[in-house]
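Undergrad: Here you go, one structure.
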Protein chains: 2
Amino acid sequence: MQEKELLIARQNIINIFKASCMVFTQKEIEDMEVTDFGLNDFYSIGLGIIIYVNTEKVCAKELAMTPFQICPQHMHPNIDGVEGKEETFRCRVGEVYLYVNGFPTENIKARIPDKYLKKFNVFHEIILKPGDQYTLKPQTWHWFQAREEGAVLSEFSTHSFDAGDIFYDKNIKRIPKDN
Amino acid sequence: MQEKELLIARQNIINIFKASCMVFTQKEIEDMEVTDFGLNDFYSIGLGIIIYVNTEKVCAKELAMTPFQICPQHMHPNIDGVEGKEETFRCRVGEVYLYVNGFPTENIKARIPDKYLKKFNVFHEIILKPGDQYTLKPQTWHWFQAREEGAVLSEFSTHSFDAGDIFYDKNIKRIPKDN
């Protein structure tokens, strides 16, 4: 993203977090990651991420999504004999469609922009409303999209090392903050 | 607690959770633990606990406390070669005084009822306001008290097995829900 676009994207993400009633420190807001995954199409494929905790064992994050924004298909592989991340997504605000390995759901509710249709291949649908959550085993392909209200999701997981993530769309280049 | 007292205590805890803006499922509210740690003095020593996730690796809970309520001094020991729980407390609502091993703070802010004065022996004070958090290494003695507004805390940790907890006050008997 250009600098000006990034500033606006950051402000949109901050607004979503602030509307969630959750309280963040000034430093957490400053350190927040706002990523377009290198595709320069933030409102289609992007995410805002605040990392609370990332010890050797445990990680907790809050994720914010603009309306219909997609977190692209990825998985967390084993790295150097360390098992990939196990993660639980808990919806706090808005509604999220989560897709994982498994029997494909017919007529999925997500809206994938045409130019990305070939960038997704798991379509087992889980609908998360506020208070709903879902735990992914390590090495599960997954992606998710917010509904029209945008969304805030909490993520509870084992240690996060997002630089090791594998994306299904090979055009994606991400320089994450949690390493 | 008597059944009637327990019902009132539950409703007080539910009110604190509801005022936090966080959304819980009906089942989470029903499964919520409201404990007086066996001391029958809930508003002095007690806690409300909603467990979201407790996999082999990761646990996430929300804790609610009434005004000036204390979670008594305890630690999470190693059990059968498995390292004790590492936990991070993040204050969401209200203000919490957390006490851990370390150089004792002079004139601590907590108010310990006289009859429990001998039931605490770690006094290194950490003040948690909304958005503040603190990570405890395994096997750290700790206790905490809410301020007059009560409090909601998130706890992110490794697997939780509270039946193994060691309490400094030997009168405490707890039958937790997370095992």
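Undergrad: Of the residues that sit in region A:125-145 and are of a type in the set (A, V, I, L, M, F, W, C) and free of Cβ contacts under 8 Å to residues at least 60 places away in the same chain, which one is nearest to residue A:166 (Cα to Cα)? Full working, then the answer.
TA: Residues of region A:125-145 of a type in the set (A, V, I, L, M, F, W, C): A:126-128, A:136, A:141, A:143-144.
If we keep only those that are free of Cβ contacts under 8 Å to residues at least 60 places away in the same chain as well, we get A:126-128, A:136.
Numbers: A:126: 21, A:127: 24, A:128: 24, A:136: 15 Å.
Checking each candidate, the answer is A:136.
Undergrad: Which numbered condition in (1) at pLDDT 95 or above; (2) over 21 Å from residue A:2 (Cβ atoms) is the only one that residue A:66 fails?
TA: (2)
Undergrad: Next up: Looking at residue A:88 and the list (1) within 24 Å of residue A:127 (Cβ to Cβ); (2) of a type in the set (S, T, N, Q); (3) in a loop (DSSP other than H, G, I, E, B), which single condition is not satisfied?
TA: Condition (3) is where residue A:88 drops out.
Undergrad: Regarding region A:105-124, can at least one residue be identified that is at pLDDT 95 or above, in a strand (DSSP E or B) and touching a His at 6+ places or on another chain (Cβ under 8 Å)? Let's see the steps before the verdict.
TA: Let us first name the residues in region A:105-124 that are at pLDDT 95 or above, namely A:105-124.
Next, only the ones that are in a strand (DSSP E or B) stay: A:124.
If we keep only those that are touching a His at 6+ places or on another chain (Cβ under 8 Å) as well, we get none.
The answer is no; no qualifying residue exists.
Undergrad: Test residue A:19 against the criterion of being within 14 Å of chain B (Cβ to nearest Cβ), in contact (Cβ under 8 Å) with a residue 40 or more places away in the chain and open to solvent by 40 Å² or more (accessible area, probe 1.4 Å), and give yes or no. First the steps, then the outcome.
TA: On the way: within 14 Å of chain B (Cβ to nearest Cβ): yes; in contact (Cβ under 8 Å) with a residue 40 or more places away in the chain: yes; open to solvent by 40 Å² or more (accessible area, probe 1.4 Å): yes.
For residue A:19, the condition - within 14 Å of chain B (Cβ to nearest Cβ), in contact (Cβ under 8 Å) with a residue 40 or more places away in the chain and open to solvent by 40 Å² or more (accessible area, probe 1.4 Å) - is met.
Undergrad: Something else: Of the residues in region B:55-72, how many are in contact with a His (Cβ under 8 Å, 6 or more places away or on another chain), closer than 17 Å to residue B:163 by Cβ and either crowded, with 20+ Cβ neighbours inside 10 Å or among the hydrophobic types (A, V, I, L, M, F, W, C) (or both)?
TA: Residues meeting the conditions: 1.
Undergrad: Only residues that are open to solvent by less than 30 Å² (accessible area, probe 1.4 Å) and either without any contact (Cβ under 8 Å) to a residue 24 or more places away in the chain or touching a strand residue (DSSP E or B) at 6+ places or on another chain (Cβ under 7 Å) (or both): list them for region B:29-42, please. Give the derivation first.
TA: Step one: filter region B:29-42 for residues open to solvent by less than 30 Å² (accessible area, probe 1.4 Å), giving B:29, B:32-37, B:42.
Within region B:29-42, B:29, B:32, B:33, B:34, B:35, B:36, B:37 meet the criteria.
Undergrad: Do the conditions hold for residue B:164, that is, is it out of contact with any helix residue (DSSP H, G or I) (no Cβ under 7 Å at 6 or more places or on another chain) and without any contact (Cβ under 8 Å) to a residue 60 or more places away in the chain?
TA: Details: out of contact with any helix residue (DSSP H, G or I) (no Cβ under 7 Å at 6 or more places or on another chain): yes; without any contact (Cβ under 8 Å) to a residue 60 or more places away in the chain: no.
For residue B:164, the condition - out of contact with any helix residue (DSSP H, G or I) (no Cβ under 7 Å at 6 or more places or on another chain) and without any contact (Cβ under 8 Å) to a residue 60 or more places away in the chain - is not met.
Undergrad: Let me ask something else. In the set A:138, A:77, which member is at pLDDT below 95 and more than 14 Å from chain B (Cβ to nearest Cβ)?
TA: A:77
Undergrad: Quick one: residue A:48 ticks every box in (1) closer than 28 Å to residue B:17 by Cα; (2) within 14 Å of chain B (Cβ to nearest Cβ) except a single one, so which number is it?
TA: Condition (2) is where residue A:48 drops out.
Undergrad: If you check B:45, B:8, which single one turns out to be at pLDDT 95 or above and surrounded by 15 or more Cβ atoms within 10 Å (Cβ to Cβ)?
TA: B:45
Undergrad: Please work out if residue B:78 is surrounded by 17 or more Cβ atoms within 10 Å (Cβ to Cβ) and polar (S, T, N, Q). If you could, list the steps in order and put the result at the bottom.
TA: Numbers: surrounded by 17 or more Cβ atoms within 10 Å (Cβ to Cβ): no; polar (S, T, N, Q): yes.
The answer is no for residue B:78.
Undergrad: Follow-up. Please go through region B:125-171 and give me each residue that is more than 16 Å from residue B:97 (Cα to Cα), open to solvent by less than 60 Å² (accessible area, probe 1.4 Å) and assigned to a strand (DSSP E or B), ordered by number.
TA: B:156, B:157, B:167
Undergrad: Same structure again: For residues that are open to solvent by 40 Å² or more (accessible area, probe 1.4 Å), without any contact (Cβ under 8 Å) to a residue 60 or more places away in the chain and not polar (S, T, N, Q), tally how many sit in region B:96-124.
TA: First pass over region B:96-124, keeping only residues open to solvent by 40 Å² or more (accessible area, probe 1.4 Å): B:101-109, B:111, B:113-115, B:117-119, B:121, B:123-124.
Imposing the further condition that a residue be without any contact (Cβ under 8 Å) to a residue 60 or more places away in the chain reduces the set to B:101-109, B:111, B:114-115, B:117-119, B:121, B:123-124.
Pick out the ones that are also not polar (S, T, N, Q) and you get B:102-104, B:106, B:108-109, B:111, B:114-115, B:117-119, B:123-124.
So the count comes out to 14.
Undergrad: All but one of (1) assigned to a loop (DSSP other than H, G, I, E, B); (2) open to solvent by 30 Å² or more (accessible area, probe 1.4 Å); (3) in contact with a helix residue (DSSP H, G or I) (Cβ under 9 Å, 6 or more places away or on another chain) hold for residue A:93; state the number of the condition that does not hold.
TA: The failed condition is (1).
Undergrad: Only one of (1) within 20 Å of residue A:32 (Cα to Cα); (2) in contact with an Asp or Glu (Cβ under 9 Å, 6 or more places away or on another chain) fails for residue A:99. Which number is that?
TA: For residue A:99, the failing item is (1).
Undergrad: Pull up region A:153-172, narrow it to residues that are within 13 Å of residue A:71 (Cβ to Cβ) and of a type in the set (A, V, I, L, M, F, W, C), then point me to the one that is farthest from the other protein chains (Cβ to nearest Cβ). Let's see the steps before the verdict.
TA: First pass over region A:153-172, keeping only residues within 13 Å of residue A:71 (Cβ to Cβ): A:153, A:155, A:162, A:165, A:167-169, A:172.
Adding the requirement that they be of a type in the set (A, V, I, L, M, F, W, C) leaves A:153, A:167, A:172.
Numbers: A:153: 12, A:167: 23, A:172: 26 Å.
Selected residue: A:172.
The values are calculated or read from the model by the stated rules, or taken from the named source; none is laboratory data. Remember, predicted model here, so these are calculated numbers, not experimental data. Glycine gets a Cβ as well: all are built from the backbone with ideal geometry, and neighbour counts include every protein chain shown. Note: accessible area is taken over every heavy atom of the protein model, side chains too, but ligands, DNA and RNA are not part of it. Shrake-Rupley method; radii C 1.70, N 1.55, O 1.52, S 1.80 Å.
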